[in-house]
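The values are calculated or read from the model by the stated rules, or taken from the named source; none is laboratory data. Computed from a predicted model, the values in this text were never measured in an experiment. Cβ placement follows ideal geometry from the backbone for every residue including glycine, while neighbour counts extend to all protein chains displayed. For the accessible areas, the whole protein counts, side chains as well, though only heavy atoms, and no ligand, DNA or RNA atoms are used. Shrake-Rupley method; radii C 1.70, N 1.55, O 1.52, S 1.80 Å.
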Amino acid sequence: MRKKIRVLIAKPGLDGHDRGAKVVAKALRDAGMEVIYTGIRQTTEQIVNTAIQEDVDCLGLSILSGAHVKLFPEIVELLKKRGGEKILIFAGGIVPSEDIPELESIGISKIFGPGTSTQEIIDFIKTQIGADRKRR
Amino acid sequence: MKQKIKKEKKNWEEKVLKKILEKRPERKKHFENYSKIKIERLYTPEDIEGLDYLKDLGFPGNFPFTRGVQPTMYRGRLWTMRQYAGMGDAEESNKRYKYLLKQGQTGLSVAFDLPTQIGYDSDHQLAIGEVGRVGVAIDSLQDMEVLFKGVPLDRVSTSMTINSPCAILLAMYIAVAEKQGINLSKLSGTTQNDSLKEYIARGTYIFPPLPSLRLTTDVNEYASKHLPKWNPISISGYHIREAGATAVQELAFTLANGLAYVEALKMRNLKPDDFAPRFSFFFAVHNNFFEEIAKFRAARRLWARLMKERFQVQNPKSMMLRFHAQTGGSTLTAQQPDNNIARVTLQALAAVLGGTQSLHTNSRDEALALPSEDSVQIALRTQQIIAYESGVSDTVDPLAGSYYLESLTDQMEKEALTYIKRIDDLGGMLAAIEKGFIQREIQNSAYIHQKKIEKKEEVVVGLNRFQSDPAFSAPQKNHEVRKGGVDSKIEERQKRRLLKLKEERDNKKVKKALNNIKKAIHPTPLQRGGVHNQKNLMPVILEAVGVYATVGEICDILRQEFGEYRESVSI
Amino acid sequence: MSLIEKILQGDHKATAKLISKIEDEPTSTLKEIKVLEERIVPVHTLGITGPPGVGKSTLIARLIEHYREKNKKVGVLAIDPSSPFTGGALLGDRIRMQMPSPDEGVFIRSMATRGQLGGLSRATNNAIKVLSGWGADIVIVETVGAGQAEVEVMRVADTIVLVLSPGLGDDIQMMKAGILEIGDIFVINKIDQGETGHLERNLELVRPGREKEGWVPAIIKTIAIKGSGIDELYKKIEKHRKYLKNKK
Ligand SMILES: Nc1nc2c(ncn2[C@@H]2O[C@H](COP(=O)(O)OP(=O)(O)OP(=O)(O)O)[C@@H](O)[C@H]2O)c(=O)[nH]1
Ligand SMILES: [Mg+2]
């Protein structure tokens, strides 16, 4: 059994708006999780590499530049290639509702819109990871 | 008289207030604003006892400018209504500028895409998916020529949101003007050029803080000598605020950045009076109405005092804090987006009552995606309604003398000054940034704010209270959202254009020009205080953009010589 | 293929999984550890410790570059404290260790202390073995040498580098004596930020009488963000490695 939920909070894309990512990282830590934060401007390869090495249970992506259309699918693909397909992926930032169905269909479990409370994210992670662990 | 008021107040408290409070307690035990300043039940002359009208308020256009920077304020001329625009590639943006000019907008503003902002060409690996997304993609002078084709640069005032590679983009603008046959003395506009705040808020840094400060100073120095009508720097609190700072922090950190730029210019043997008159500022305006108005008034007074006391400036213009304001993007909600119109109205009104020189009003749907045309229009109309229908622009600084506002103005100024002194103790802004002090202060405020919203200690209408039926409150569809397909096309077009340019331009000249930049860079200061004795890089950059060297190529040279900045603070 | 086989072939995912198991259910990994111990030569371990923010991670990033130039595989364990109240942790050392593009020859793992006294050094020690199995030519462990558990962790390292910075001169005396005693190399980083004289003098005073062991801790000055002094540090580390080898 895993004792701790490990989460990677990552910022792909070039935008520097890390307020949300940092607030979420802190909130998850305060909820008892081990949070790895790697800063802004991460390439998709860097993110996936970190996710694998840190053996995280979930990966939170924050992006506000609009480049998610290009970058999220890349991350999902790369994760699969490196055997990280079981990692739960969620996202936040500015993602237009039109893009959501497609992103969900490729394996982003949940996209949290602006105004989401951190508690909602915590609950989501705990429920998902809990269910997943029971299944295993 | 004073004694009498005091006595009567006590009387009132005991005879009237007490009874009421017993019967009906107030909504909260403790009232405070976002800056954590305690708000009293009632303000009376007692609260402004220390206020000296001539010393602390004075007259508009006079020191300490609390009441405004011009004697007649909006009775003479309204503020500039400046809406942020620019997306896609240069051609698309050019069309938009022409449309806006026809609509009677009095100033243009250019937003650049992220690759441009951090010095990568459109064909760079890291630019994938980002080209033309949050602004226009500029790789070379060629794109800049397209952007301003048919726009007479002597008749518009252009505001460019560009920081780390500002020198390069300004050089391109100058080159376009020269090609239009326009005398540089006629160019008017603003470059943001505020590189220090990138490390504490916005995140589009390229080089370490010290060489960045040099580039910023190069632009400032160049403009002070060659571009008399240009505002070379817009010292920006906006992004600091949006990153989560309180109003007091926004005020303090912005002015502290300003002081750092003055110090740096002084090391070039320039007198503050030679450049400070062209400094401008950029603030956010959020929901707490009086806090915001007080912030603007305090900002003017504090800056005037700091400039006078620390640098002994003589020219009143050197003490004048002129600013642009923008309504707070982070205050808008994706839930019930039409509510944002009310928020923006309130904020815009605060900016006007605070004496802003220009204003951008956000569109209601900005929390969702890039705004639709309708929303942009409502945002502009909001300003026009305030300007022409509300009557607030008919007299100067109409709220002055309010016990509450004056007392708050005073408190905000004091608290900001306390911060500035703390920064002084840390060794100035550069050191405070390197130590991560500023970043941590902002992060803490952001976290506290978020927690308060979640605990409903702060109400956000439509978000944590007064939510409507979920079916209605879900983020609405936005018809102007750019889909992936559109952007890939821009990216492809931009890349093709770049490739072609590199084939057609005189590459020998480019190489030589780039090499000249490299030579001009040294000596690079290793330590703080080493900014003087350096060559201004503007002339070599002008030469390079003139022969169509690209933003990426020039930044690569600078990256090689200056190094690249890595984020310095964890959480 | 078994987990161990995969690790021995340099698989990142398998390596990461076993380290997780070591952290979560240490007793269940005894068998794997044993197999590893049989199949590998112990790797040289470098402990990097020092007060918060002196530049340990930045220094490690530079060392990684150095070792990679020489084609050596590098494993890193970056240890940060867990909150005693919530059990959560923010692991941020990686920010400074990022490389522009991931490199097969570098494996970085962040570990939280999880509030265990003896357990931490055992977990670290076993994680080092896993990295050794993965093929590391050197393993670097980073801790803030604050708590008792972290001082203990440093004892698993072969070479201990204590990183300080100018301005910490007066803090030396108050620092955990333990850390000062076990330092094999003293680094004064951030020499671009101020005078080092005071700190050096104080270090001389506390530089323990290790002559009789045949090793005198060196003082090396660096500017990690610019990469200066790193070569010297690297050489000193290698020298210490040889010294240990000869001692055996
Ligand atoms: N001026 C200067 N700054 C440095 C130097 N080395 C590191 N820094 C900066 O110091 C800050 C802290 O560096 P880190 O490498 O995270 O330090 P650390 O010791 O690992 O920090 P913790 O893991 O939080 O204890 C960062 O902002 C670095 O960029 C140096 O030689 N000179
Ligand atoms: Mg570290």
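Overall, the anisotropy analysis places the stretch C:3-247 in the prolate class: the square-rooted eigenvalues a ≥ b ≥ c of its C-alpha gyration tensor yield a/c not less than 1.5, with a/b exceeding b/c.
Neighbouring Cβ atoms from other chains, within 10 Å of the Cβ of residues in A:54-61, number 3 on average.
Sorted from longest to shortest, the spans of the Cα atoms of chain B along the three principal axes equal 88, 59, 48 Å. Here's the picture: charge each Lys and Arg Cβ at +1 and each Asp and Glu Cβ at -1 in the protein assembly as shown, and of B:50, A:42, C:230 the one pushed furthest to the positive end of that dipole is B:50. Label sites at residue B:185 and residue C:206, each approximated as a point 7 angstrom past Cα along Cα to Cβ, lie 6.5 nm apart. Per the Debye calculation on the stretch C:1-128 with a single equal scatterer at every Cα and no solvent contribution, log₁₀ I(q)/I(0) for q = 0.18, 0.21 Å⁻¹ amounts to -1.14, -1.46.
Basic side chains Lys and Arg get +1 at the Cβ, acidic Asp and Glu get -1 at the Cβ, and with that the dipole of chain A about its Cα centre reaches some 660 debye. Rounded to the nearest 20 debye, the dipole size of the protein assembly as shown about its Cα centre is 860 debye, using +1 on the Cβ of Lys and Arg and -1 on the Cβ of Asp and Glu. Computed across the stretch B:263-392, the Kirkwood hydrodynamic radius from all distinct Cα-Cα pairs reaches 16.1 Å.
Separation of the stretch B:157-205 from the stretch C:91-121 is 41 Å, based on Cα centroids.
Compactness of the protein assembly as shown was expressed as the Cα radius of gyration divided by 2.2 N^0.38 Å, which yields 0.98.
Projecting the Cα atoms of A:75, A:28, A:13 onto the charge dipole of chain A (Cβ charges, centred on the Cα centre) puts A:28 farthest toward the positive pole. Bridge orientation summary for chain B: considering DSSP beta bridges with both residues in this region, about 5 percent are antiparallel.
Packing around the peptides B:38-45, C:228-235, taken as the average count of other Cβ atoms within 10 Å per residue, puts them in this order, highest first: C:228-235, B:38-45.
Taking Cα atoms only, the orientation of helix B:403-426 departs from the longest principal axis of chain B by about 50 degrees. The residue among B:376, B:299, B:361 whose Cα reaches farthest toward the positive pole of the charge dipole of the protein assembly as shown, with charges on the beta-carbon of Lys, Arg, Asp and Glu, is B:299.
Within the straight-line cut-off of under 19 Å between alpha carbons, the lysines reachable from residue C:6 are A:80, A:81, A:86, C:17, C:21, C:31, C:34, C:73, C:129, sequence neighbours fewer than 8 places apart in one chain being disregarded. Shape analysis of the stretch B:403-465 based on the Cα gyration tensor places the equivalent ellipsoid semi-axes at 29, 20, 6 Å, largest first. The B-C contact accounts for approximately 700 Å² of buried accessible area, totalled over both chains at a 1.4 Å probe radius. Taking Cα atoms only, the orientation of helix B:289-311 departs from the longest principal axis of chain B by about 60 degrees. Solvent exposure of residue B:34, expressed as accessible area, is near 80 Å², computed with a probe of 1.4 Å over the protein chains only. Across peptide B:120-133, the average count of Cβ atoms from other chains found within 10 Å of a residue's Cβ is 4.
Summed over qualifying helices (DSSP H, 4 residues or more, each -39500 (n - 2.57)) and divided by its residue number, chain B shows a 222 nm mean residue ellipticity of -14500 deg cm²/dmol. Using the Cβ-Cβ distance between residue B:454 and residue B:512 with R0 set to 56 Å, the FRET efficiency from 1/(1 + (r/R0)^6) comes to roughly 0.45. The Cα center of the stretch A:45-101 and the Cα center of the stretch B:418-453 differ in position by 31 Å.
Here the calculated FRET efficiency for residue B:226 and residue C:30, from their Cβ-Cβ distance with R0 = 51 Å, stands at 0.10, rounded to the nearest 0.05.
The peptide list C:51-59, B:109-117, put in order of mean Cβ contacts within 10 Å with the highest first, becomes B:109-117, C:51-59. Its relative contact order, with pairs defined as Cα atoms under 8 Å and 6+ residues apart, puts chain B at 19 percent. For the pair residue B:7 and residue B:395, label points projected 7 Å from Cα toward Cβ lie 3.2 nm apart. Within 10 Å of the Cβ of each residue in A:87-96, the mean number of Cβ atoms contributed by other protein chains is 2. The relative contact order of chain C, computed from alpha carbon pairs under 8 Å that lie at least 6 residues apart in sequence, is 23 percent. Separation of the stretch C:9-71 from the stretch A:8-29 is 27 Å, based on Cα centroids.
Each peptide in B:212-224, B:161-173, C:75-87 was scored by the mean count of other Cβ atoms within 10 Å over its residues; highest first, the order is B:161-173, B:212-224, C:75-87. Would the stretch A:1-78 count as rounded, prolate or oblate if I go by the C-alpha gyration tensor, calling it rounded below 1.5 in a/c and otherwise prolate when a/b exceeds b/c, oblate otherwise? Because a/c hits 1.5 or more and a/b fails to exceed b/c, the stretch A:1-78 counts as oblate.
Per-residue SASA remark: residue B:49, around 80 Å² accessible (1.4 Å probe; ligands, DNA and RNA not included). In this Cβ point-charge picture (+1 for Lys and Arg, -1 for Asp and Glu), the stretch C:3-247 has a dipole of about 500 debye about its Cα centre. In plain terms, the C-alpha convex hull of the stretch A:6-135 casts an average shadow of 7.0 nm² when viewed from every direction.
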